[in-house]
Amino acid sequence: MNNTFENKLGLVLPGGGARGAYQVGVLKAISEILPDSSKNPFPILSGTSVGAINIALLAAESDSFHNGVSKLTNIWGGFSSNAIYKTNPIMLFLNSLHWLLTFITAGIVVKNPKSLLNNNPLEKMLIDRVDFSQIQKNLDEHHIEAIAVTCASYNRKCTSTFFQSNHPNLTWKKSHREGKPMVINISHLMASVALPLIFPAKKIDHQYYGDGAMRQATPLSPAIRMGADKLLIITTNENHQNLNSEEEQIAHPSIAEIGGYMLDALFSDALYSDLERLDRINQIVNNNDSVVKTNKKKMKKIDYLVISPSKSINEIAKNSFHQMPLTMRLILRGLGVLNAKNFDLTSFLLFESLFTKELIDLGYKDGITLKSKILKLI
């Protein structure tokens, strides 16, 4: 049965590596609290990095929202690191040696390595699990109206949002960001999840792209540009400040802490800045008419709900660290994970079922707790 959408609700899923399991848990809760769990409540789907993977599978299964979420739950609940990247000890050793020789010889003896990890297993799994041809069918039958996957162009130094929609004339080009109509396929997903240095960049139409969170100053923009009137944002970053006392003795941060800090900033800072910008626009609209006309466009109020973890994901990662492959544990220990005050870096790479299942459970509990707010938004 075709969907009709009176108010267009956009689902925005940012990145977060293995933390993306939390998003699946929230979606599982939503599928259970909806009056009709088969009907897709999100006509607009927008994802970045690991959020793009979850978005793509939902789009391919949008003829039955419940089935799509069940499929996501089964995939994430059965994850292991070797299903995401190659964990063979010999391969990881040779790759590490490759990096070392590159630094020592300035790239003269051996070519520059493409990445620290090889994520071919992830690509093969997504090809098997996501029916990309079904996305257009679901668009034609109006189960969804648009799907967007955001990547970062290394060549042109801008954010590129590839989208597939029912709006043939839709496109945009702004400062350092653009929207390009495209038939979404595996290349767009692999580009969007290509964490810098960790996973290899992906070539699309003679250009190389990396993780969509890089340079993405306005992560809410794609969903709004595709027509969303309301937004549900599921972030994997706890929105809790943890300020140390000035008198507390703080050791020099390890490489693991610095790496985790960089990834945490990559996936969260732009989102909360964009939400503050949206709040200011909503305030302007509230103080005037429901729609405020500017010189070239209309400003409208966008209601939204942000769902974030109620429990520290770092603590969960710390307790699940022993589940990682031995080679990865050795690498992370070498970077100072065990001496670090947080396990941010580990939490992004911990694609093990013990960890992902606990995040699914956490997301589910948070979703059920926010049942009334979710139903009000939908």
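Coordinate-derived values only; no laboratory data. Since the model is a prediction, treat every value here as computed from it, not as a measurement. Reconstructed Cβ throughout: ideal geometry from the backbone, glycine too, with neighbour counts over all protein chains shown.
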Completion exercise
With -39,500 (n - 2.57) per DSSP H segment of 4 or more residues and division by the full residue count of the chain, the 222 nm estimate, nearest 500 deg cm²/dmol, is -13500 deg cm²/dmol
Fill in the blank from the handout: Under the Karplus relation with 6.51, -1.76 and 1.60 and θ = phi - 60°, whole-Hz ³J(HN,Hα) for the range 259-271, x at Gly and Pro, equal x, x, 4, 5, 5, 4, 5, 4, 8, 10, 4, 5, 4
Problem - 3J(HN,Hα) from dihedral phi, the range 195-212, Karplus parametrisation 6.51/-1.76/1.60, rounded to Hz, x for glycine, proline - result: 4, x, 6, 7, 10, x, 5, 10, 8, 9, 6, 6, 9, 9, 10, x, 3, x
Exercise for the section: Measure up K39/K157; K114/K311; K114/K157; K174/K373; K71/K300 against 27 Å on the Cα-Cα distance and list the ones that go over. Expected result: K39/K157; K114/K311; K174/K373; K71/K300
Exercise for the section: Select one label from (1) 99, 66, 44; (2) 88, 51, 42; (3) 61, 51, 42: the one whose number is Cα extents along the principal axes in Å as derived from the coordinates shown. Expected result: (3)
Practice task
Count charges around L139 for me, please; just the other residues with Cβ under 15 Å from its Cβ, Lys/Arg as +1, Asp/Glu as -1.
Solution key: -4
Exercise for the section: Sum up the charges of everything whose Cβ sits under 15 Å from the Cβ of H206, counting Lys and Arg as +1 and Asp and Glu as -1, but leave H206 out. Expected result: +3
Handout entry: Farthest positive-ward along the chain dipole, Cα basis, beta-carbon charges - from T346, S254, I44
Key = I44
Problem - Estimated vicinal HN-Hα couplings, Hz - the range 114-127 in sequence order (Karplus 6.51, -1.76, 1.60; Gly, Pro = x) - result: 7, 6, 6, 10, 9, 9, 4, x, 5, 4, 5, 5, 5, 4
Fill in the blank from the handout: Given backbone amide H placed at 1.01 Å from N, residues whose amide H is under 5 Å from that of Y208, ignoring those fewer than 5 places away on the same chain, are Y154, N155
Completion exercise
With the dipole of the range 9-89 defined by +1 on each Lys or Arg Cβ and -1 on each Asp or Glu Cβ, the option from T87, G25, I55 whose Cα lies farthest towards the positive pole is T87
Handout entry: Amide H contacts under 5 Å for W172, placed H, 5+ residues apart
Key = G179
Exercise for the section: Can you tell me the 0 to 90 degree angle between the C-alpha axis of helix 353-369 and the longest principal axis of the chain, rounded to 10? Expected result: 30 degrees
